[in-house]
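Readers should treat all values here as calculations from the given coordinates under stated rules, not as data from a laboratory. It should be emphasised that the depicted structure is a prediction, and the values quoted were computed from it without experimental measurement. Note that we place each Cβ from the backbone using ideal geometry, even for glycine, and neighbour counts take in every protein chain shown.
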Amino acid sequence: MKILWLTNIPLPEACQLMNETPSPFGGWLINASKRLSTIEDIQLSIAFPKSQSKDVIQLTGENISYYSFPSVSMKDESSIRDNSYIKRIVRELKPDLVHAFGTEYAHTLAMINVCKDIGIKTVISIQGLVSVYSKHYTANLPIRVQKKYTFRDLIKKSNLIQQQKQFEKKGKLEIEAIQKANHIIGRTTWDKGCTEQINPNAKYHFCNETLREEFYKHKWSIDRCEKHSIFLSQAGYPIKGLHYVLEAMPLIQQKFPDTKLYIAGIDITSSVTLSEKLRMSSYAKYIAKLIENYNLVDSVLFTGVLDEKKMCQRYLSSNVFVSPSSIENSPNSLGEAMILGVPCVASHVGGVPDMLKHNEDGYVYQADAPYMLAHYVCEIFESDERALKFSNNSRTRAWKTHNPTINTNRLIEIYEEILQKKETSIENK
């Protein structure tokens with residue numbers, strides 16, 4: 001089988017071939033692509049957009065061929081409808097199947113259009129769904145914060161309401177891509193329900209995701225973690241729910257005054273230099289104000305951007321992992337915490353209930369109830385026995401959900417099923 005993947009970013013091997021620093025994002029694709037590319041009779045190629053590029057560039061890796069192409073603008077209607085660069089890649093490779101990851105970008109719709117024109121089968125993997133996420137973007141944020149502008153927001157024309165509208169615009173591309181797709185790969189009740197409402201005629205295929213390789217190598221220990229520490233894997237924009245956690249922190253600190261909150265990523269609240277002050281978004285200003293008002297300056301620590309190994313170590317050092325998002329499909333961050341065995345508390349949103357069973361694998365709580373988030377974090381802090389129960393149960397569950405061999409085999413089954421339908425239709429003609 002000749003398979004062409006479409007990804008939103010270059011994978012590390014492609015970055016090395018271009019003499020560029022790999023992105024810390026999208027890491028779960030690395031392990032999945034490595035495993036798939038070593039399977040006999042699978043020829044894997046990966047295409048990805050590259051900003052500032054003016055032509056198609058081919059790169060040859062150990063087992064994978066890579067193709068970069070010029071980024072596709074949401075405003076460039078002609079490039080979305082008939083993209084000459086993507087068409088050249090598809091015609092040169094002649095893949096049996098194109099597998100697109102992510103739905104909200106213009107290049108995904110451009111690829112779907114090219115493949116429909118040429119007659120190549122496609123399948124779309126659902127990561128998140130921005131058309132649905134947009135409905136939850138400003139959940140529980142004060143209207144004054146939603147409407148506020150900072151200097152950065154004015155220059156970029158991107159305050160919270162405008163960011164929500166940008167999600168809605170991307171969502172229109174996403175909806176059109178899903179409506180044109182004959183096959184969808186998903187992994188939760190939530191993404192199945194949402195995609196069926198968009199395109200009831202598409203065939204839905206279930207397949208769990210393989211996580212980053214480092215997370216299969218370690219196990220959390222209650223004796224080696226920092227007691228009364230909480231970890232968030234990201235918090236750069238409202239959907240990720242940092243404001244909820246900050247509301248919960250004073251309630252947690254009433255019982256555990258030494259509680260620390262670690263947040264992966266750059267410190268969005270830093271305003272030491274003029275440049276930092278000018279770059280602050282209205283959401284970042286709101287977060288900074290909450291930290292100040294709740295006297296959390298010494299309790300909230302941003303870790304900076306972490307690579308795979310450092311991220312893994314940060315999980316292992318934490319007493320509790322929290323996923324406080326206002327909406328998610330199946331967050332890989334939660335999967336990573338679970339497979340390590342870090343006790344988890346997660347908001348009951350999207351596909352999360354399919355991943356984590358309440359009071360067995362961890363706790364789930366109403367997303368807009370930070371007081372219940374505080375309650376459940378304290379429950380874990382108070383009982384090592386409970387923490388160990390959740391650690392063992394969630395790890396057992398996650399090893400089944402994110403089993404690399406099972407997931408790779410399932411993905412190949414899906415490819416074969418889709419292509420078999422193609423062969424049958426040809427024979428029937």
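For n ≥ 4 DSSP H runs only, could you compute -39500 (n - 2.57) per run for the chain, divide by its residues and tell me the 222 nm figure to the nearest 500?
Theoretical 222 nm ellipticity from helices: -14000 deg cm²/dmol.
Efficiency by 1/(1 + (r/R0)^6): what FRET value for Lys75 and Val272, r their Cβ-Cβ distance, R0 = 45 Å, to the nearest 0.05?
Taking R0 as 45 Å, the efficiency between Lys75 and Val272 is 0.80.
Note down the relative contact order for the chain as a percent, whole number, built from C-alpha pairs under 8 angstrom at least six residues apart.
Relative contact order of the chain: 15 percent.
Given the Cα-Cα distance of Gln52 and Lys357 and 0.36 nm per residue of separation, how much length would full extension add, in nm?
105.3 nm is the gain from fully extending Gln52 to Lys357.
What is the helix-to-structure angle for 242-255, meaning the angle in degrees between its Cα long axis and the longest Cα principal axis of the chain, kept from 0 to 90 and rounded to the nearest 10?
Long axis of 242-255 versus the principal axis of the chain: about 30 degrees.
Return Arg314, Arg212, Arg224, Arg88 ranked ascending by Cβ neighbour count within 10 Å, so the fewest neighbours appear first.
Ranking Arg314, Arg212, Arg224, Arg88 by Cβ neighbours within 10 Å, fewest first, gives Arg224, Arg88, Arg314, Arg212.
List the lysines whose alpha-carbon lies under 27 Å from that of Lys289, not counting same-chain residues fewer than 8 positions away?
Result set, ordered by chain and number: Lys135, Lys147, Lys148, Lys156, Lys157, Lys165, Lys227, Lys240, Lys255, Lys260, Lys277.
According to the square roots a ≥ b ≥ c of the eigenvalues of the Cα gyration tensor, what is the shape class of the range 256-307, taking rounded for a/c under 1.5, prolate for a/b larger than b/c otherwise, and oblate for the remainder?
In terms of gyration-tensor shape, oblate.
Can you pull the three principal axis extents for the Cα set of the range 201-288, in Å, largest first?
Principal-axis extents of the Cα atoms in the range 201-288, largest first: 49, 43, 25 Å.
Go ahead and set up a Gaussian network model of the chain, Cα springs under 10 Å, then flag whichever of Ile263, Ile155, Ile252 fluctuates most.
In this elastic network of the chain, the residue with the biggest mean-square fluctuation among Ile263, Ile155, Ile252 is Ile155.
For the range 300-403, compute the orientation-averaged projected area of the C-alpha convex hull (one quarter of its surface), in nm².
Here the figure is 6.5 nm², rounded to one decimal.
Mind pulling the angle between the C-alpha long axis of helix 370-382 and the longest principal axis of the chain? Nearest 10 degrees, somewhere in 0 to 90.
The answer is roughly 70 degrees.
In percent, what relative contact order does the range 214-401 have, based on Cα pairs under 8 Å that are 6 or more apart in sequence?
With pairs under 8 Å counted, the relative contact order is 27 percent.
Could you estimate the translational diffusion coefficient of the range 1-94 from the Stokes-Einstein equation, with Rh from the Kirkwood formula over C-alpha pairs, at 37 °C and 0.692 mPa s, in whole µm²/s?
Calculated translational D: 236 µm²/s.
How large is the direction-averaged shadow of the alpha-carbon convex hull of the range 214-401, in nm²?
Answer in nm², one decimal: 9.9.
Out of the DSSP beta bridges found with both residues in the chain, what percent are antiparallel (nearest 5)?
10
Computed FRET efficiency, Cβ-Cβ of Ile39 and Lys135, R0 51 Å: what is it to the nearest 0.05?
According to the calculation, E is roughly 0.85.
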